[in-house]
Amino acid sequence: MALDPQAAHAATRAVPGIPHDADGPVFREPWEAQAFAMALALHGRGLFSWNEWAQALADEIKRAQAVGDPDSGETYYRHWLATLEKLVAAKGVASSETLHRYRDAWDHAADRTPHGSPIVLQPADFAG
């Protein structure tokens with residue numbers, strides 16, 4: 001999923017705390033960029049405003065800090081992903097059960113995939 005540079009810059013201006021440099025958002029892992037791109041795409045389709053997103057993300061970060069997240073910056077995109085999952089479920093795009101089913105399938109696929117190879121979901125990954 002490629003990032004739209006204009007949309008990425010708009011997001012970094014609208015949502016406080018997005019790790020970025022002069023060129024735009026920065027990511028430590030490919031999945032972080034993918035989660036960011038999914039949020040951009042859903043925002044672009046009108047699923048949520050950046051104000052709504054920023055509030056939901058702030059709430060998620062506060063919740064995590066309350067249970068011990070050290071807020072070192074290393075978990076920012078974990079909070080981003082949790083916010084994305086919660087908003088997608090709250091907006092009725094996918095149920096929490098469906099999201100958990102895909103997360104479990106992804107974990108299963110990752111476990112069987114050699115390091116450095118692309119992870120590909122297969123029907124057996126959904127079997128548990």
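Bear in mind that the values in this text are calculations on the coordinates, not laboratory data. Values in this document were obtained by computation on a predicted structure and should not be read as measured data. A quick note on method: Cβ atoms are made from the backbone with ideal geometry, for glycine too, and the neighbour counts reach across all protein chains shown.
Here is how the numbers come out for the structure above:
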{"read-out": "Residues of the range 103-128 classified as over 22 Å from LEU40 (Cα atoms), surrounded by fewer than 18 Cβ atoms within 10 Å (Cβ to Cβ) and charged (D, E, K, R), total", "value": "4"}
{"read-out": "Every residue from the range 84-102 that is touching a residue at least 40 places away in the same chain (Cβ under 8 Å) and surrounded by 15 or more Cβ atoms within 10 Å (Cβ to Cβ)", "value": "LEU84, LEU87, VAL88"}
{"read-out": "In the range 17-33, the residues that are in a loop (DSSP other than H, G, I, E, B), of a type in the set (Asp, Glu) and in contact (Cβ under 8 Å) with a residue 40 or more places away in the chain", "value": "GLU29"}
{"read-out": "Selection within the range 64-82 - exposed (fewer than 13 other Cβ atoms within 10 Å of the Cβ) and outside any loop (DSSP other than H, G, I, E, B)", "value": "ALA66"}
{"read-out": "Per-region count, the range 13-53, residues surrounded by 11 or more Cβ atoms within 10 Å (Cβ to Cβ), over 11 Å from the mean Cα position of the chain (by Cα) and acidic (Asp, Glu)", "value": "1"}
